[in-house]
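Data block below; observations after.
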Amino acid sequence: MLEIDGSFGEGGGQILRSCLALSAVMGKEVRIFNIRAGRSEPGLKAQHLTGAKALATICNASSQGLDIGSTEFVFRPGRIEGGSFSFDVGTAGSITLVLQALMPLLPFAPGKMSIEVRGGTDVNWSPPIDYLRLITIPVLANMGFTNSLEVTNRGHYPKGGGIVRVSSTPSGPLKPIERVERGSISLIVGVSHAVKLPRHVAERQAWAAVQVIKDRGLPNPEIEIENSEDGAHLGPGTGIVLCARAEAGAILGGDCLGERGRRAEEVGQVAGQRLVEEIESRSFLDRHMGDMIVPYLALADGVSDVSVSQITQHTLTNVKVAEWVAGVRFDQVGELGKPGRLRVRGLGLKPSQVVASPKESRLTPNL
């Protein structure tokens, strides 16, 4: 059984998500201790518990210590199952963080998967749902991983109420990525949303972002305005996600969430500045995708070599977890806070190598 110290590196939930995802795919038993020791409130919170229990459900795992506040637990994965599942964080906890734990498993499922997750779609300290839709999923498509994401309801802190559905088809071995130069920026798109607030809030966010980007001589952004004041969304909440696409296939993101007392123009400006910073790095991946892609590179069939705009503590932590669990070795990662590269020979794992069994569709109770 692998022993993983959850206080390593950034000491947060990233260790948990990546460790469990790789454990589930590879069928390795793990014991994780000092869970989220680097946070002010250590131990499992709602979204961490939901992600762990969701993985346990899909791969028929047995476990010990999966409770709110737990700082240690054991995870013994079993046979992966396909079908339809539904999970509820029960709070405004991040849906995207739950999906981070689940998505590396999907290419190796025995059949089509449909997963519904309820909670928060756009909350602090996690990627907004439009980042997954506009950046993460298209980047993973370069590796042959095909899946789709549908947002039925937005969910913001503190009420939550978001509903997201992800569907995927087994992809076979993941393809490696070798991209160091991103090429010229050919298109910039985005989504600016406002829930239970006037439409002009989303419009002002978009306008401010456009001004920042145009001032740098970049392509004029095409930003979709999403506004809902009906009862389907609990709200209120706002945010904007921008996506730059390059001729060489690079996809970079910049985003910002609104909050009480923060002017819409500031939200748009911050998102625009973040995107410009990523573009000016001339890297293939932005800093957030640089850490999220690590488990997929570790499992891919061949050598991957990609440039990253900035090596973050999340990146370094994810790299170490992948080395511990998958047994691969990353080279040329780089220094914290500076541009870097991720180079690794992946395991070349194939679905036939993953213990799996087809399964009838079912819904699971709220976790």
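Table for the structure above
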item: Sole exception among (1) at negative phi; (2) surrounded by fewer than 20 Cβ atoms within 10 Å (Cβ to Cβ); (3) not in a strand (DSSP E or B) for S148, by number; result: (3)
item: Candidate set from region 1-57 (those that are among the basic types (K, R) and in contact with a strand residue (DSSP E or B) (Cβ under 7 Å, 6 or more places away or on another chain)); member that is surrounded by the most Cβ atoms within 10 Å (Cβ to Cβ); result: K28
item: Test: V344 is of a type in the set (A, V, I, L, M) and either surrounded by fewer than 21 Cβ atoms within 10 Å (Cβ to Cβ) or modelled with pLDDT under 85 (or both); result: no
item: Only listed residue being assigned by TED's automatic domain parsing to the domain that holds R118 and at positive phi, chosen from G51, G78, G12, G65; result: G65
item: Qualifying strands (runs of 3 or more DSSP E) (wholly inside region 156-253; at least 3 residues being crowded, with 17+ Cβ neighbours inside 10 Å and in the same structural domain as S304 (by TED's automatic domain parsing)); result: 162-168
item: Residue selected from region 325-341 under the condition modelled with pLDDT of 95 or more and surrounded by 17 or more Cβ atoms within 10 Å (Cβ to Cβ), by the criterion nearest to L16 (Cα to Cα); result: V325
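The values are calculated or read from the model by the stated rules, or taken from the named source; none is laboratory data. As the structure is a computational prediction, the values presented were derived from the model and not from experiment. Cβ coordinates were reconstructed from backbone atoms using ideal geometry, including for glycine residues, and neighbour counts include every protein chain displayed.
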